[in-house]
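Let me begin by presenting the structure, written as C-alpha cells, before commenting on it.
Each value in this text was obtained by applying a stated rule to the coordinates, not by laboratory testing. Since this is a predicted model, take the numbers as computed values, not measurements. Cβ: placed from backbone, ideal geometry, glycine included. Neighbour counts: every protein chain shown.
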Amino acid sequence: MRKRLTISSLQKMKQDRNAISVLTAYDYPSAKLAEEAGIDVILVGDSLGNVVLGYETTIPVTIEDMIYHSRVVARAATNTFIVTDMPFMTYGASREATLLNAAKIMQQGGAQAVKLEGGAEIAADVEALVQAGIPVMGHIGVTPQSVHQLGGYKVQGRSEKDAQRLMDDALALEKAGAFSIVIELVTESLGTAISEALTIPTIGIGAGRSCDGQVLVYHDLLQYSSPYFEKRFVKSYADIGTTIRQAIESYVSEVKEGIFPAENNVFEAQTASPKSLYGVGANHSSAGAVKTNVPSNAPKGVPIA
C-alpha cells in the first residue's frame, strides 16, 4: 500500500524533475480507479458542475456540492493527496467566510488542501488560509469561475502586458504561501517562464510541456460524456462513452428480444413447486389449500375475528 504524498514530497518532485500527475475525480469508483492506477494527486474540481451536474459553467456549483463529492472521493482514495476546489463566491467576500468555508471542506470533505482561482487579488485570502493551517493551491490563466468576465475560454498571456500580469499573479500567490499553482490555457512560453520563476510546483492544463505536472478532467481523459467535444489542449486515452452506449444498446435489445435474462441468470427452487409455495393455480380443495376457521352455518356478511 503506497503512502499519501505531502506538500513536502510534491515540492521534492519539482526539484527532482519528477513530473506530477493530477486527475479530477468526483465519485467513489473514479477515485478508486485513479488511486489504483497510481495518480499522484486527485482534484475534486468544481468542473463537476459541467461534467457531472449538467451546468453550462461552474458558477452554480455550491459548497455543499463540493463537500459531498469530496467526502465520497476521500472514502475511495485513502492514500492519495486530495485537493478540493472552493466554489464561486465562497471566498474573497470576507475573510471570516473564506476561512469558515475552507474549514468545512477540510473537516467535512476530507480534503488535504483547497484550490482557489485568482491571482494578486486573492493573495491576502491565501495568506490567511495558510496561516490558519489550510494548504492552498492557486489557479491562474483561464479561471472558469470568471469565464464571463474573461469573455469565454480564451488562451491567456498572448500579449506582453497580459503575460506580465499572470507572472505577477503567480509570484503573489507563491509569496502568500500557496504550495502549488494550476496554470490553465496560457501560451507555452509563459507556462515555461512561470514554472522556472517559481519554487513551488506548477500544474499545467493547456499550459505547455514545461510545467512541473499536468492535470486532466476525468471525463476528458476517458471521453466519458455525450456528446464529447474535442479539445486541443487535452488528450483522451480511451473512448468509454461509446463503449457504455453500445453496452446499454445491447442490453435494451436483449430485453426486447427475450434473450436476457437467460437460463444462467435465473434461480430454481430445490424442492417445492411454485404451486405449493405460492398457491398459484392451486385447487383449494386439495391438501395444499388454505383453510379457514369459518363455521359452515355462519351468517353471510358477518366478519369473523
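Observations
- Ignoring lysines fewer than eight residues from LYS154 along the same chain, the ones with Cα atoms less than 16 angstrom from its Cα are LYS231.
- The chain: angle of helix 240-257 to the longest principal axis, Cα-based, in degrees nearest 10: 10 degrees
- Simple spin-label estimate for ARG165 and ILE248 in nanometres, 7 Å along Cα-Cβ: 4.2 nm
- Neighbour net charge for ASP46 - beta-carbon separation under 11 angstrom, K R +1, D E -1: -2
- Based on C-alpha pairs under 8 angstrom that are at least 6 apart in sequence, segment 7-221 has a relative contact order of 19 percent.
- Once the Cβ-Cβ distance of THR57 and ALA37 is raised to the sixth power relative to R0 = 22 Å, the FRET efficiency obtained is 0.15.
- Cα-based reach from LYS14 at 24 Å (exclusive), listing lysines while leaving out same-chain residues under 8 positions away: LYS3, LYS115, LYS175, LYS235
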